[in-house]
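Worksheet: one structure, shown below.
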Amino acid sequence: MKYDFDEMIDRRGTNSLKWDIAENELPMWVADMDLKTAPEITEAIKLRAEHGVFGYSVVPDEWYGAYINWWKTRHSVEFKKDELIFSAGVVPTISSCVRKLTTAGENVLLMPPVYNIFYNSIRNNGRNVQECPLVYANGEYSIDWALLEGCLSDPQTTLMLLCNPHNPVGKIWDKETLSRIGELAYANGVVVLSDEIHCDITDPGCEYVPFMSVSEKCADNSVICVSPTKAFNLAGLQTSAVVVRSARLRHKVWRALNTDEVAEPNAFAVQAAVAAFEHGGEWLDELREYLYRNKRTVSEFLRAELPQIKLIPSQATYLLWLDCSELKMPAKQLQKHLRVTTGLYLSGGHIYGCGDSFMRMNIACPKALVEEGLDRLKRAVETVR
C-alpha cells in the first residue's frame, strides 16, 4: 500500500473525546478513526494556516464543484449547485431540520437499532420518537413493511430519519428498498431526511445507493446530509453539506440552518472538503481495503476464539455490530464489565434502541489495536458469569 495505516499515533493529550480516558483503557467506541487523514488534506490545511489570517469565510465555487464532481463520478448522481447548502455538521443539520420541518408534539420516525444521536435531536426539541424496529432474524436485519406503512400513515408523523448506509448495522439499503420507503413517505406527506455520512466507507466492490437517485418522489421529498468527515476523519473540522432538490423544502432547510447559525464555514472547513474530494480518492480506496481486512480479522477471531459472539454481516461503515446475546448480560452491564476488567471501551447496544444484546465496535485503527481489542474482549468474556 502507498499509505501507512499501520502507523500507531498517540492521540492522548490532544483534547480527543475518544482518548480522554484512563491510561490502561482502549477506546473502540465513538466513530472517528485513529488513522491520519489523507496527506493532501493535511497539506491543504497547512497552506491555509500559513496565511495567518483567519477571518470570516465564504463558500466558494470550488466547494460546490468538489461535491458535484465526487458524487457524479463516485456515486452516479448529479447534484446541481443551487441544491447544495453548506452546514457545520450533519447532527446540527438534523436538529435544525427537526425544529423547522416538524412542530412540538409531532412524531419523528426511526428504524432502530440506529444512530443514538437521532434520539437526542428528537427528544431535545420536544418531538416524539416513533420507532419502527428493524426485524432481526438469522443474523440479518430487514424492514417490517406493514409496521412502517402504519407508522408513516399516522397523521402525527411528519419526518423520517433514515440512516443510509445504516449505523450501527452497516447495511447498504438497495434501490428497491429505498424506492419503497420513498413511495410510502411521499404518499403520507412525510419528509425523509437521509443521513448518508457513511456512504464512502463501503467494502471494496460495494456501492451505496443515494436516496435522491432512486426516483423523482425520493428526490423531491428528501433532505440529504453528506460530508467527508467520516471517510476522511475530519469530524473536528465541522464541515458538511445538505442537498435538497425541492425549492420550497430547500428554502425551509436554508432558513433553519441560518436561524441556528450553522451555515457558515470555519477557516479550514472548505479547504479540507475540497482537498478530500479532489485529491483523496486513492487514499480512500486504500483505506477501504484496510478496513475490510480489519473486519475480516475480527470475523476470523470471533469464529475461532469467541463463537458465542456473532458478527453481523455488513457492507459499510467501520463500525461492527456484535450479537452478544449468548452471554446473557444486558448491554449496559456488559459494556461496564469489559471496561472494568480489561479497559476495553465499546459502545453498548442499548443506546441505539432494540440493541440490548449487542455491542458496537469501531475498527478504524491500526490492525495492532484491533488485535489488542480482540484479546481484551476474549479475556473479559472469559470472566462473564
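Below is a table of values for the structure above.
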{"quantity": "Pairs of alpha carbons in the range 211-252 whose separation is greater than 16 Å (percent)", "calculated": "45"}
{"quantity": "Inter-probe distance in nm under a simple model that places probes 7 Å from Cα toward Cβ, at A247 and K36", "calculated": "4.8"}
{"quantity": "Axial C-alpha extent at least 30 Å, average Kyte-Doolittle at least 0.5 - helices from the chain (DSSP)", "calculated": "none"}
{"quantity": "The range 237-381: relative contact order as a whole-number percent, Cα under 8 Å and 6+ apart", "calculated": "19"}
{"quantity": "FRET efficiency, E131 to D220 (Cβ-Cβ, R0 22 Å, nearest 0.05)", "calculated": "0.25"}
{"quantity": "The range 121-241, dipole about Cα centre (Lys/Arg Cβ +1, Asp/Glu Cβ -1), debye to the nearest 20", "calculated": "360"}
{"quantity": "Expected 222 nm ellipticity per residue - DSSP helices of 4 or more, -39500 (n - 2.57), all of the chain, to 500", "calculated": "-12500 deg cm²/dmol"}
{"quantity": "Rounded if a/c under 1.5, otherwise prolate or oblate - the range 249-307, Cα gyration tensor axes", "calculated": "prolate"}
{"quantity": "Charge dipole of the range 102-156 about the Cα centre (unit charges at C-beta), most positive-ward option of N120, A146, V135", "calculated": "N120"}
{"quantity": "Solution diffusion estimate, µm²/s, Stokes-Einstein, the chain, Kirkwood Rh from C-alpha pairs, 10 °C, viscosity 1.306 mPa s", "calculated": "74"}
{"quantity": "Selection from I94, G105, N69 lying farthest towards where the dipole of the range 1-110 points positive, charges on Cβ", "calculated": "G105"}
{"quantity": "The range 142-214 - convex hull of alpha carbons, volume per residue in Å³", "calculated": "91"}
{"quantity": "Within the range 260-335: Cβ-based charge dipole about Cα centre, in debye rounded to nearest 20 (Lys, Arg +1; Asp, Glu -1)", "calculated": "660"}
{"quantity": "Length released on extending from A104 to D375, taking residue separation times 0.36 nm less the Cα-Cα span", "calculated": "92.8 nm"}
{"quantity": "Between the range 178-256 and the range 99-157, the alpha-carbon center distance in angstrom", "calculated": "16"}
{"quantity": "Cut-off 14 Å, label 7 Å out along Cα→Cβ of W145, residues of the range 170-194 by amide N", "calculated": "174-185"}
{"quantity": "Hydrodynamic radius (Kirkwood) for the range 1-117, which is based on Cα pairs only, to one decimal in Å", "calculated": "19.0"}
{"quantity": "Approximate spin-label separation F54-E286, in nm, with each point projected 7 Å along Cα-to-Cβ", "calculated": "2.9"}
{"quantity": "Spin-label model distance (nm) - E62 vs H279, 7 Å beyond Cα toward Cβ", "calculated": "0.9"}
{"quantity": "Extension reserve of the N120-T14 stretch, reckoned as 0.36 nm per residue once the Cα distance is removed", "calculated": "35.5 nm"}
{"quantity": "Cα gyration tensor category, rounded, prolate or oblate, for the range 307-385 with a/c compared to 1.5", "calculated": "oblate"}
{"quantity": "For the chain, accessible area per residue (1.4 Å probe, heavy atoms of protein chains only), Å²", "calculated": "42"}
{"quantity": "Gain on full stretching of the segment that runs from E7 to S213 - 0.36 nm per residue minus C-alpha separation", "calculated": "70.4 nm"}
{"quantity": "Residue of I68, I172, I122 that the Gaussian network model of the chain assigns the largest fluctuation, springs spanning Cα pairs under 10 Å", "calculated": "I68"}
{"quantity": "Three-way shape label, the range 85-157, alpha-carbon gyration tensor, a/c 1.5", "calculated": "oblate"}
{"quantity": "Candidates P39, P168, P366: whichever shows maximal mean-square fluctuation once the chain is modelled as a Gaussian network with Cα springs under 10 Å", "calculated": "P39"}
{"quantity": "Cβ-defined net charge surrounding I85, 13 Å radius [Lys, Arg +1; Asp, Glu -1]", "calculated": "+3"}
{"quantity": "Total charge dipole magnitude, the chain, about the Cα centre, Cβ charges on Lys, Arg, Asp, Glu only, Debye to nearest 20", "calculated": "820"}
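The values are calculated or read from the model by the stated rules, or taken from the named source; none is laboratory data. These numbers were taken from a predicted model, which means no experiment stands behind them. Because the Cβ atoms are built from the backbone with ideal geometry, glycine has one as well, and the counts that use them run over all protein chains shown. Keep in mind that these areas ignore ligands, DNA and RNA; they rest on the heavy atoms of the full protein, side chains included. Shrake-Rupley method; radii C 1.70, N 1.55, O 1.52, S 1.80 Å.
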